[in-house]
Each structure stands twice: as C-alpha cells, then as structure tokens.
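Remarks on the structure that follows.
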Amino acid sequence: MIPFSPPHIDQKIIDEVVDTLKSGWITTGPKTKRFEKELTAYNGNKATLCLNSATAGLEIMLRWFGVTAGDEVILPAYTYSATANVVVHCGATPVFVDVCSDFNICIPEIAKAITPKTKVIMPVDFGGYPCDYDAMMHLVNDPAIKKMFQPKTKEQEMLGRIMILSDAAHSIGAWYKGKRTGALTDVSVFSFHAVKNLTTAEGGAIALNFPAPFDNEEIYKYLCIKTLHGQNKDALAKTIPGNWRYDIVEAGFKMNMTDIMASIGLVELERYDREILPARKAIFEAYTAAFSSEDWAIIPEFKNDIKCSSYHLYPLRIKGATEQQRDAIIALIFEKQVSVNVHFIPVPMMSYYSGRGYSINNYPRTFAMYVNEISLPVYVDLTPDKVNAVVRAVKDAFTAIMQSNF
Ligand SMILES: *Cc1c(COP(=O)(O)O)cnc(C)c1O
C-alpha cells in the first residue's frame, strides 16, 4: 500500500530525540527556545512562539486580540474545521466566504463580508500556496474599512484595523514577493502535525510580525505566560537556585511545546530547504507532467511570477465528475493499493456547522471544487516508481468510472 503522508523518521531524528531524553530536560527548555530562534531566522518575521498545535496558536491569537461574543471572524469555507472551531471557542461568529480557483479565500468575497463587527480575517494558504497578502493588507487599510472598525480592547485600538491572522498550517517555506509566509502579514500560525511538511509529531508555531508600535518581543513574552497557566515563570526559570516563587497573573492555558517535540523540528528545519522542499517539488512536477496531457484533469496552480507553494497538497480535480463519481474513483484508487484523500470537506457541510444554520449553497465555488477534488500522496520517501504507480492508479480509476458510460 502506498500511504498518503507517512512521517520521515530517520536516525538523525532518533539521535536528536534520544539526546533530549538523556539531557535531563524533556519539557519546554533550551531546544524549544533554539527552535523558535531558528524559525524566526528562517521565516524572516519578528518573533516566534512554539506551541503544542496550530489550533492552540490560532485560538490564543484570537484571545490575545480580545475576540469575543458579538464579534465576527472572516474565513474561507474551504478549510479544515480547526480554523472555524477556534472562532467558536472564543464565542465569536465564523463568517465563511467562498474561495477562488486557486483554492484560496477570494478577496472580493472578503470585502463583501466585512461589517462593523469584523475583528479578524483568517486566510488559509491552501495546500501551501500563499494567499494574496498585498491585496488583503490593502483591503484592511482602506480608509472606509478602517473607519468601520470598532476597537474594544487596547490591542484592537493600537492596530486600528482588522487583524489578519494567517492559517499557515500548510505553508511553511512558501514565498510571496520574495518573503516567506511568516513575514507576510500581522501574524501567521504554522502546524507541525504528523502529516504536515515539517513535523514535530504534534506542534505548531505563532510567527509574530505586527507593525509598529507593537513590540513583538513583548507580545512573545506575554504569550509565553498566557500559554502556560498565566504563570509568570516557566519550569526552566524556576530551576534557577532560589527562584522557586511564582505567581499566576491570569487564568491561562496549557499549550507549550516540549523539547522532545522541538528536537524533531530542529532536524526537520535544518534540512527543510535542502532536502524536503526539493523532494516535494519534484513530485508536484511529476504529477503535473503526467496529468497535463489529460483533458479531464484540472491541474492545481502552485507557482506563478510572484509566489510559490511549499508543495504541501497536490489537489487534482476531475473535470465534470460528480461527488459520487469522485468517491467511486477514490474507492478504485484504494483498491489499487494507493492512498488518497479529499481536502477538505468544506466546513459548512459538517453537521455541527450545518446544524447552526450554515449552508454550502452559499459557497458555490467551494462546493464545485470539493466535489471533484482528489489529493494525491506527496512525501519525501515517495520514489519515482511510486509516483508512477499513483499516476497509473488514478488514470485507470478515471477510465473505469468516467468512461464506462460511453
Ligand atoms: C492541520 C491544520 C490545522 C491544525 O493544525 P494542528 O497543528 O493539528 O492544530 C489548521 N488549519 C489547517 C488548514 C490545517 O490543515
């Protein structure tokens, strides 16, 4: 069976994890701090906080900004439900908008959805392909839209406009106009979950990049406390002789990354540009070469003059396929011992969200792209032979299902 996205765990990672296990320090400590510094240098943003997931990072940034009941947060209908769930956790209202043909949130749709209640926009770099951040920043800085913004907290007051909180779960290493994804907007959150491009088993990072007069180093320090019970000293600081006394300054959360997780991340990041991205790029190019001659295949966009994907997902689409036909194609592909996936079942289709009154009928492009989408396997150990086996399985399954009627 060709798996969809297995982790690449080699001796280097095992050695680094064992080093941590033997070091006597296994929770948040020196390796997490080093990983944060290396991420900041890699992404080119202002400060980075590592956490136990991207979901935690997204939620804590909404809470930091003071998003609460009565507020609205705009996000694409076409994403993983984590992006929406965190808005619900804060008591605010998710406002879904449709995507464009590159699977990313449609800027004109955002403009239509903004109201005086809008506090945050959460774009998603789908499959690793960056959204159009210049257009988005231009939109939130538009004088008429800024005038509509109603700040209620000192952070909202200081920013003076809608915050852009990028769900960059897929897009570490992608670039847009010469900058990496962490440096493109106010704040971006990466995921290091097991299936993501760069993994720490579970994990995530907040890439802070707020404009002046914000002090991103100060925000980092505050978030360290907020994500560790509101405790004013972390476990490492408390080990300093005589430094045992601590205070709880707010009812904080428990979201920290451990040094065991960071050890995996340090190895992954060190070879990310050299080994991981080129291997993923080669697989994307092989799929594109194999499918572009088929008139039934809609090839995903992953590069243009100004931006480039991190090659996280290869979302192939089958022209004219219904949802049922797509599902039948997937069943046949699995029969041929190849794992594929669908990214994503749109959030408004999930029972919790449809039960709250959201309807997929309001997001026609999202639905049209979802029904005929099949994500193909992409991972470092997917050899050219296996790529060919995937291509063969997809083409054969297409023929069996879609051409059996002729
Ligand atoms: C994976 C994913 C997340 C959540 O990441 P975690 O690290 O598992 O919390 C959020 N958004 C999108 C688009 C994702 O694919």
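Can you find a residue that is within 16 Å of the ligand (Cβ to nearest atom), of a type in the set (D, E, K, R) and either within 30 Å of Arg180 (Cα to Cα) or in the same structural domain as Val86 (by TED's automatic domain parsing) (or both) anywhere in segment 305-317?
no
Might you let me know whether segment 335-349 holds any residue that is farther than 25 Å from Val378 by Cα and either within 16 Å of the ligand (Cβ to nearest atom) or not assigned by TED's automatic domain parsing to the domain that holds Gly182 (or both)?
yes
Please work out which residue is farthest from the ligand (Cβ to nearest atom), limiting yourself to segment 194-210 and to residues that are part of a strand (DSSP E or B) and among the small types (Gly, Ala, Ser).
Ala207
Can you pull out every residue in segment 268-300 that is under 19 Å from Ser5 (Cβ atoms) and touching a Lys or Arg at 6+ places or on another chain (Cβ under 6 Å)?
none
I need a count of the residues in segment 44-89 that are more than 15 Å from the chain's Cα centre (by Cα) and either part of a loop (DSSP other than H, G, I, E, B) or basic (Lys, Arg) (or both).
11
For Tyr358, indicate whether it is under 14 Å from Tyr78 (Cβ atoms), in contact with a helix residue (DSSP H, G or I) (Cβ under 8 Å, 6 or more places away or on another chain), among the hydroxyl-bearing types (Ser, Thr, Tyr) and in contact (Cβ under 8 Å) with a residue 12 or more places away in the chain.
yes
Among the helices (runs of 4 or more DSSP H) contained in segment 221-337, which hold 1 or more residues that are at pLDDT 95 or above and more than 19 Å from Ala205 (Cα to Cα)?
Correct list: 277-291, 323-335.
Sort through Gly91, Gly128 and tell me the only one that's touching a Ser or Thr at 6+ places or on another chain (Cβ under 8 Å), within 16 Å of the ligand (Cβ to nearest atom) and not polar (S, T, N, Q).
Sole residue among the options that is touching a Ser or Thr at 6+ places or on another chain (Cβ under 8 Å), within 16 Å of the ligand (Cβ to nearest atom) and not polar (S, T, N, Q): Gly128.
Under 7 Å by Cβ, and 6 or more places apart or on different chains, what pairs join a residue from segment 290-313 that is at positive phi with one that is small (Gly, Ala, Ser)?
Tyr311/Gly128
The values are calculated or read from the model by the stated rules, or taken from the named source; none is laboratory data. Computed from a prediction, not measured in an experiment: that's the story for all the values here. With ideal geometry, Cβ positions are generated from the backbone for all residues, glycine too; neighbour counts draw on all protein chains shown.
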